[in-house]
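The values are calculated or read from the model by the stated rules, or taken from the named source; none is laboratory data. What you are looking at is a predicted structure, and each value in this text was computed from that prediction instead of being measured. Here the Cβ positions follow ideal geometry from the backbone for every residue, glycine too, while neighbour counts run over all protein chains shown. The area values use the complete protein model at the heavy-atom level, side chains included, leaving out ligands, DNA and RNA. Shrake-Rupley method; radii C 1.70, N 1.55, O 1.52, S 1.80 Å.
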Amino acid sequence: MIWAVALSAGALVASGAYLALSRDALRAVVGVSLIGAGANLVVLSAGRLDAVMPAFVPEGASRLADGAANPLPQALVLTAIVIGFSLTCFALALVMTIRQRVGDTDSTGLRAAEPPAGADGLPAFPDDER
Amino acid sequence: MTTRAVLLEVVVRTLYPGMLLFSLWLLVRGHNEPGGGFIGGMVAVAATAVRAVATGSADAARRMPLGPLRLAAAGVGLALLSGLPAVVTGRPYLTHLWAELPLAVTSVKVSTVLLFDLGVYLSVWGALGGIAAYMIGLDERDGEVRP
Amino acid sequence: MNADLTSLVVVAPLLVPLAAAVASTVSAGRPRVQQAIGLGGAILLLGSALVLARAVAAAGQVRTALGGWDAPFAIEFVADGVGASLVVLAAVMGLTALLFQQDDTDPAPASPAFVPLVHAFLAGACGAFLTGDLFNLYVWFEVVLIASLGLLVLGKERRHLDGALTYFVLNVVGTLFVLVGVALVYAATGHLNYVAIAHATMADPYRVLPFVAVLSVGFLVKAGAFPLFAWLPATYHTLPAPALALFAALGTKVGVYALLRTGGAVFPTVAPLMSDLLGWVAVGTMVTGVLGAAYHWDIRRILAFHSISQVGYILLGIALGTPGGAQGALVFALHHSLVKGSLFLIAALVCREAGSYDLRHIGGLSSARPWLAALFLLQALSLVGIPPLSGFWAKFLVVRETLVLGHVVWAATALAVGALTLYSMLKIWLEAFWRAHPREDWQPPPGARPASAIAAAGLAAVTTAFGLWPEPVLRFTFMAATVLHTRP
């Protein structure tokens with residue numbers, strides 16, 4: 001079981017990293033969320049995976065029965081999934097807005113925040129003027 | 001909106017209240033069984049999303065009580081408030097309290113946890129429903145769905 | 001102190017900004033009400049932060065477990081000197097940013113989402129400073145990230161969207177490193193609480209070393225350390241000025257704080273194994289940051305690269321791994337946040353008076369606006385580290401501790417970087433203030449902007465007071481560093 005989870009987490013992170021390095025911004029966002037899915041698998045497996053009994057406290061008892069799954073990583077992974085999900089939502093909305101403004105999502109064209117030197121028509125160094 | 005899919009619109013108009021009711025049922029059921037604020041909220045988001053596809057994103061956002069942003073804020077506010085009764089009664093913040101509310105024949109368990117869960121439900125619906133409606137609206141505005 | 005009140009004192013700096021964020025979102029339609037809620041929330045936050053700092057000064061540290069759960073399940077909030085002083089800093093910066101927004105000095109247009117996002121940002125930062133739980137730390141990182149992304153896209157222009165995309169991709173990868181690191185530490189120790197982890201890792205540090213390394217890479221991304229800082233210079237200059245001051249003060253400090261906390265208190269036996277590497281990372285950060293600053297002409301981009309360089313000094317203090325180093329790092333973080341925050345506000349005032357952020361387009365401010373020139377000079381010299389300003393004490397503490405421990409190369413680099421800092425501050429001084437304006441018919445625009453001038457000057461007054469009268473801050477931070485390094 002742990003091998004299957006480890007290999008899946010590795011496969012998710014690897015394919016996510018491949019997509020995240022893509023020039024296309026949409027692919028990069030999908031890639032980052034795939035890496036997030038891999039990270040979530042790691043979180044879930046941090047509490048050991050051998051138990052199969054749901055983590056419910058039996059009627060009348062005050063602690064979990066022996067052999068029940070560890071509830072803490074489940075709570076952690078739920079939190080991580082929700083956060084990752086909302087971040088992915090935000091990023092997809094961002095990329096779609098960019099696509100609507102620019103027409104495509106090729107990230108080589110997205111240099112408005114950091115224009116290359118000289119793009120504003122002024123030399124990068126005053127000495128170039130002379 | 002360019003073309004209206006009449007069949008879809010009719011089906012969604014009929015299903016919409018049912019989906020919201022189902023999401024509320026999931027919210028209440030989450031107290032002892034699978035379900036809860038987040039999952040209920042997600043079903044409500046799904047209702048908003050199909051509504052946005054069928055009758056337009058503006059209509060879908062208008063049908064969320066208070067509007068998306070304020071709905072989400074109200075949800076966070078409720079969740080924050082649910083921790084305060086504990087402080088008033090001298091316990092650490094967010095210690096949850098239960099009470100039996102007698103109701104004619106039977107009695108209903110009321111708790112601050114439910115208030116917290118309701119907050120989660122509202123903030124999920126407001127935030128993600130708002131984003132879903134916005135994203136569906138992006139393709140509406142210029143009249144055609146881009147490839 | 002009363003037991004139930006302790007709980008409230010510790011969590012009030014989280015609840016106040018969260019409640020203010022909610023209230024200001026609901027009142028988004030009425031700008032005046034929203035501004036009042038924003039400012040009121042910030043003042044209340046400052047009050048609760050000061051109350052917390054007083055409680056910490058009396059007791060060393062105060063803690064509370066949310067929901068009354070017991071140790072391994074509870075989410076614990078712990079305020080000690082490090083956390084409390086950074087919470088006070090966050091409150092001061094939040095108040096300043098919102099005060100600055102009061103009149104239209106900021107060249108960026110105002111947005112109804114600004115006040116809620118600022119308060120959400122403050123809540124995230126305060127949560128990170130006060131939590132006693134590793135996973136909770138990750139959650140507050142994400143709160144800060146979401147609020148930052150919201151602030152980044154406020155402008156809605158191409159450069160804002162492009163910058164936000166860069167910021168998103170790089171920072172999410174950073175937080176995923178944190179998440180995986182937290183999960184691996186939990187898998188190895190079975191604990192998330194700082195104190196419990198410290199006990200569990202005491203005996204065999206090598207077992208958790210790789211996991212702590214993963215965690216630290218995430219923190220270094222957040223701190224803007226070399227070579228992982230690309231998100232910082234790509235985005236800072238696209239922000240509206242008050243948000244920029246807030247980012248400069250708190251954005252990188254959350255990551256720096258996490259390194260300081262985990263190095264000093266959570267993994268006290270693991271951190272020394274990585275301290276040499278961290279020291280060289282600090283040196284790289286100092287040098288690359290200051291060289292980047294030397295290249296640029298936009299005042300904000302110069303200052304943004306300086307932020308990276310200054311993070312290097314803080315990392316150097318952390319890398320030393322001694323209480324003295326931690327005190328230096330903490331003092332440097334406080335000093336840098338206040339000075340850099342006020343410099344960014346001064347930059348916005350310069351832009352408003354002279355018409356541009358680009359040094360090649362402006363000039364003549366020393367005669368047209370002498371008070372602004374004096375303010376800039378004061379803060380720039382403090383950044384360089386001229387005695388008796390606050391930067392001197394910060395640099396002195398870090399460099400002295402470095403020399404005491406015998407790291408001559410690191411100390412020499414720190415001093416050389418100080419000289420380069422002076423170069424780029426002089427560049428701003430000469431181009432924006434000293435030389436004549438390139439357009440001969442230039443006149444500064446009429447109209448006074450009292451609120452923003454008060455905001456910038458207020459920060460300058462705080463740092464100058466700290467420089468002239470460092471005793472209380474030094475005593476408090478010394479106590480904080482000692483408590484941080486006390487083995488539980």
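What length, rounded to one decimal in nm, is gained on full extension from C:A412 through to C:A461, with 0.36 nm per residue of separation minus their alpha-carbon distance?
Between C:A412 and C:A461, full extension yields 14.6 nm more.
Short version: which residues of segment B:42-88 lose at least 50 Å² of accessible area, all chains versus chain alone, 1.4 Å probe?
B:R70, B:A73, B:L80
When 1/r is averaged over all different Cα pairs and the result inverted, which Kirkwood radius in Å belongs to the protein assembly as shown?
Kirkwood hydrodynamic radius for the protein assembly as shown: 27.1 Å.
Would you tell me the mean number of C-beta atoms belonging to other protein chains that fall within 10 Å of each C-beta in A:46-52, as a whole number? The partial results should precede the final answer.
Values: counts 9, 4, 2, 0, 0, 0, 0.
For this peptide, the per-residue mean of nearby foreign Cβ atoms is 2.
As I understand it, the value is the acute angle between the Cα axis of helix A:25-45 and the longest principal axis of the Cα atoms of chain A; what does it come to in degrees, rounded to 10?
Relative to chain A, helix A:25-45 is tipped by roughly 20 degrees.
Relative contact order for segment C:252-365: what percent, with Cα pairs under 8 Å and sequence separation of 6 or more?
Value for segment C:252-365: 25 percent.
Three principal axis extents, largest first, for the C-alpha atoms of chain B, in Å?
59, 33, 23
Take peptides A:103-111, C:364-372, C:321-329 and line them up by average Cβ neighbours within 10 Å, highest first, as a rough protection proxy. Present the calculation step by step, with values, prior to reporting the outcome.
On the way: A:103-111: 14.9, C:364-372: 16.9, C:321-329: 24.2.
In decreasing order of mean packing, A:103-111, C:364-372, C:321-329 become C:321-329, C:364-372, A:103-111.
Translational D (Stokes-Einstein, µm²/s) of chain C at 25 °C and 0.890 mPa s when Rh comes from the Kirkwood sum over C-alpha pairs? Can you show the working numbers first?
Numbers: Rh = 22.3 Å.
Translational D for this selection: 110 µm²/s.
Work out the FRET efficiency for A:T108 and A:A17 from their Cβ-Cβ distance, taking R0 = 25 Å, and round it to the nearest 0.05. All intermediate terms of the calculation are to be shown ahead of the outcome.
On the way: r = 19 Å, r/R0 = 0.76.
That pair, A:T108 with A:A17, gives E of 0.85.
Give me the percent of the accessible area of segment C:3-484 that comes from carbon and sulfur atoms, probe 1.4 Å, all protein chains in place.
On the way: 10910 of 15410 Å².
Ligands and nucleic acids excluded, carbon and sulfur reach 71 percent.
For segment C:255-340, what does the accessible surface come to per residue with a 1.4 Å probe? Please give it in Å². Can you show the working numbers first?
Working: 1650 Å² over 86 residues.
For segment C:255-340, the solvent-accessible area averages 19 Å² per residue.
For chain A, what is the Kirkwood estimate of the hydrodynamic radius, computed as the reciprocal of the mean inverse distance between distinct Cα atoms, to one decimal in Å?
Values: mean 1/r = 0.0544 Å⁻¹.
Computed over Cα pairs of chain A, the Kirkwood hydrodynamic radius comes out at 18.4 Å.
Among C:G163, C:T235, C:A59, pick out the residue whose Cα is farthest towards the positive end of the charge dipole of the protein assembly as shown, where Lys and Arg carry +1 and Asp and Glu carry -1 on C-beta, about the Cα centre.
The residue sitting farthest along the positive end of the dipole is C:A59.
Counting alpha carbon pairs within less than 8 Å and at least 6 residues apart, what relative contact order, in whole percent, applies to chain C?
Values: 859 pairs, mean separation 77.8, N = 488.
Averaging sequence separation for qualifying contacts and normalising by length gives 16 percent for chain C.
How many angstrom lie between the C-alpha centres of segment C:272-316 and segment B:28-87?
44
Calculate the length of the line joining the C-alpha centroid of segment C:395-425 to that of segment A:57-93, in whole Å.
Segment C:395-425 and segment A:57-93 have Cα centres spaced 47 Å from each other.
Going 7 Å from the Cα of A:A6 in the Cα-to-Cβ direction, what parts of segment C:192-231 have a backbone nitrogen less than 20 Å from that spot?
Those under the cut-off are C:206-215.
Tell me the relative contact order for segment B:6-141 as a rounded percent, counting alpha carbon contacts under 8 Å between residues six or more apart. Don't skip to the end; give the middle numbers.
Numbers: 209 pairs, mean separation 41.6, N = 136.
Here the relative contact order equals 31 percent.
Between C:D104 and C:W442, what is the label-point separation in nm under the 7 Å Cα-to-beta-carbon projection?
Output for this residue pair reads 2.2 nm.
Apply 1/(1 + (r/R0)^6) to the Cβ-Cβ distance of C:A419 and C:S356, taking R0 = 25 Å, and write down the FRET efficiency to the nearest 0.05. Can you show the working numbers first?
Working: r = 28 Å, r/R0 = 1.12.
The computed FRET efficiency comes out at 0.35.
Show me, bin by bin at 10 Å from 0, the whole-percent P(r) of segment C:119-269 based on Cα pairs.
Result, from short to long distances: 12, 43, 29, 13, 3, 0 percent.
Run the quick spin-label model on B:E140 and B:V28: label points 7 Å from Cα toward the beta carbon, then report their separation in nm to one decimal.
3.2
List the chymotrypsin sites (Phe, Trp or Tyr not before Pro) within segment C:72-163 that DSSP assigns to loop and that have no more than 15 neighbouring Cβ atoms inside 10 Å. Provide the component values of the computation, followed by the final result.
Values: sites: C:F73, C:F77, C:F100, C:F114, C:F121, C:F129, C:F135, C:Y138, C:W140, C:F141; in loops: C:F73.
When the chymotrypsin sites (Phe, Trp or Tyr not before Pro) of segment C:72-163 are filtered for loop state and at most 15 Cβ neighbours within 10 Å, C:F73 remain.
About its Cα centre, what dipole magnitude does chain C give when the only charges are +1 on Lys and Arg Cβ and -1 on Asp and Glu Cβ, stated in debye to the nearest 20?
Values: 25 positive and 21 negative charges, 92 e Å.
Its charge dipole is roughly 440 debye.
Which residues of segment C:270-301 show a drop of at least 30 Å² in accessible area when all protein chains are present, compared with their chain alone (probe radius 1.4 Å, heavy atoms only, ligands and nucleic acids excluded)?
C:Y295, C:W297, C:R301
Buried accessible area for the A:C pair, summed, 1.4 Å probe, in Å² rounded to 100? Before the final figure, lay out the partial values.
Numbers: alone 9740 and 18250 Å², together 24560 Å².
By this definition, chains A and C bury close to 3400 Å².
Under the 0.36 nm per residue contour assumption, what length would be gained going from the current alpha-carbon distance of C:W69 and C:S275 to full extension?
Here the segment from C:W69 to C:S275 would lengthen by 70.6 nm.
Which links in C:K395/C:K427; C:K253/C:K395; C:K222/C:K340; C:K222/C:K253; C:K222/C:K427 stretch past 20 Å when you go from one Cα to the other?
Numbers: C:K395/C:K427 22 Å; C:K253/C:K395 17 Å; C:K222/C:K340 18 Å; C:K222/C:K253 8 Å; C:K222/C:K427 29 Å.
With Cα atoms farther than 20 Å apart: C:K395/C:K427; C:K222/C:K427.
In nm, give the distance between the simple-model label positions of C:R207 and C:R54, each being 7 Å from the Cα along the Cα-to-Cβ direction.
Here the answer is 4.5 nm between the modelled labels.
What does the C-alpha gyration tensor say about the overall shape of segment B:1-77? Classify as rounded when a/c is under 1.5, otherwise prolate if a/b is larger than b/c, or oblate.
It comes out oblate by the Cα gyration axes.
So if R0 is 25 Å, what FRET efficiency would B:E100 and A:A68 give, r being the distance between their Cβ atoms, rounded to the nearest 0.05?
Details: r = 28 Å, r/R0 = 1.14.
The calculated FRET efficiency here is 0.30.
If you project the alpha carbons of segment C:215-362 onto the principal axes, what extent comes out on each, in Å, largest first?
For segment C:215-362, the Cα extents along the three principal axes come out at 53, 23, 22 Å.
If you take the accessible area of C alone, add that of B alone, and subtract the area of the pair, what total do you get in Å², probe 1.4 Å, to the nearest 100? It would help to have the intermediate numbers written out before the result.
Details: alone 18250 and 9070 Å², together 26140 Å².
Chains C and B together bury roughly 1200 Å² of accessible area.
Let me know the Kirkwood hydrodynamic radius for segment A:9-51, please, with Cα pairs as the basis and the value in Å to one decimal. Before the final figure, lay out the partial values.
Details: mean 1/r = 0.0947 Å⁻¹.
Answer for segment A:9-51: a Kirkwood hydrodynamic radius of 10.6 Å.
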